[in-house]
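Notes follow the structure.
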Amino acid sequence: MALFVFSFTYWGHHGLGDYARVPLGHGETMEEMNGVTAYFKPIQQLPDYEDAGEVLAYQVRHDMLCAVLDPDSTYYVYNLASKRSQLFADRTAYEAYAHGQDLPRPEEFEDFKRHYIRHWSGWRFWLLA
């Protein structure tokens, strides 16, 4: 019964059917629809980013979500605790910022599928529906 209840919480809900999600922390999640398009809801709410593209790859370090967005390879940093975000026009601008903040390099970013498998394997895979 406890596992059933846990499966409906922020940390236990992994999605149903074509919808999948991975908790990032501070109530935020990375989500994927139809096994193809990964997205992060705060990106879709940015006033100066009209495309609201899909998340190609990402990494979380020090409560900071770092991601590269499609279609124009825009880099995005989101502070999970303060809910503040920043866009970078290209890889060079992101790398300059990331180096000073001890954030992951673009080579360290992984796609949604790898994060999903890593998070939902082990005891979660065997004990959660």
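Computed with the Debye formula from one identical point scatterer per Cα of region 48-122, without solvent, the log10 of I(q)/I(0) at q = 0.14, 0.21, 0.25, 0.27 Å⁻¹ comes to -0.43, -0.94, -1.26, -1.38.
Accessible area of region 55-122 with a 1.4 Å probe: how many percent of it is carbon plus sulfur?
Numbers: 1720 of 3660 Å².
Carbon and sulfur together cover 47 percent of it.
The values are calculated or read from the model by the stated rules, or taken from the named source; none is laboratory data. On a predicted model such as this, the values are computed, not experimentally measured, just so you know. With ligands, DNA and RNA removed, areas are computed over all heavy atoms of the protein, side chains included. Shrake-Rupley method; radii C 1.70, N 1.55, O 1.52, S 1.80 Å.
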